[in-house]
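Beneath this line is the structure, given in structure tokens, with notes to follow.
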Amino acid sequence: MKWDLGLSGRDTKLREFLPLLCLGLSLGFEDKKKNEMLPKPSLSALSSLVVGHRGNVTLRCQFHFQNVTFMLRKLRHSGYRQEQRSTEHKAEFLLTHLEPKDAGMYFCAYKTMISEEWSGESEYLQLKVKDDHNGRGATGVKNANGLIFTATFSCLSILILFLSIFFINRCTQHGSSHEESTKRTSHSEFPKQKATDLSNLERISVSTERPPESEPC
């Protein structure tokens with residue numbers, strides 16, 4: 001009789017312990033399930049990751065699960081968060097009117113309908129946004145260089161033109177002075193030649209008019 005009571009006491013303790021054991025196992029299983037990380041998705045850009053000032057870009061987050069919620073976030077910006085529910089295996093996030101401050105590293109994650117935790121983070125995408133002021137500055141520098149080149153070329157052309165005119169005038173004046181000196185020389189020699197001819201004529205006439213001398217007897 002005592003032996004039967006002992007068995008009944010053990011059964012009672014076992015029955016009390018089994019629900020606690022089951023509860024612990026179930027809680028442990030749930031914790032393990034929650035701690036299990038879902039596979040990370042992939043993030044890509046539908047256009048270039050270098051965007052002009054006030055430009056647009058679309059980032060696509062995708063995975064092979066359907067009926068999930070996708071989330072887009074920015075590294076080191078805890079306040080930046082976009083969520084999108086999708087019945088497909090992807091979600092597209094359109095970023096518009098981008099400023100230089102919008103540049104940075106972006107990543108995405110997802111969660112399913114039965115999970116409460118987000119998946120692992122996707123690979124980071126670095127988005128670059130051009131600064132409009134830098135673009136204008138570069139354009140201004142190019143225009144300034146073009147103006148400097150044009151002004152320098154114009155000055156050189158004018159200088160070469162003036163030098164050409166100067167040398168042409170100098171050569172012309174030198175030729176004129178040489179011609180005038182030649183004329184002056186010829187004019188100065190002509191009277192001398194004329195005087196010489198006249199003196200020769202006078203000598204001839206005098207010798208002709210002089211009577212012949214008589215020979216002595």
Taking the condition of being surrounded by fewer than 18 Cβ atoms within 10 Å (Cβ to Cβ) and free of Cβ contacts under 8 Å to residues at least 60 places away in the same chain, how many residues in segment 46-64 meet it? 7
Selection count where residues are free of Cβ contacts under 8 Å to residues at least 12 places away in the same chain and in contact with a Leu (Cβ under 9 Å, 6 or more places away or on another chain), scope segment 69-119: 3
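Each row is one residue, and each column tells you yes or no for (1) within 19 Å of residue 131 (Cα to Cα); (2) of a type in the set (Phe, Trp, Tyr); (3) assigned to a loop (DSSP other than H, G, I, E, B).
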position	(1), (2), (3)
55	yes, no, yes
58	no, no, no
69	no, no, no
73	no, no, no
82	no, no, no
88	no, no, yes
92	no, no, no
110	no, yes, no
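Every number in this text was worked out from the coordinates using simple rules, so none of it is lab data. Keep in mind the model is a prediction, meaning the values are calculated, not measured. FYI the Cβ positions are ideal-geometry reconstructions off the backbone, even for glycines, and counts take in every protein chain you see.
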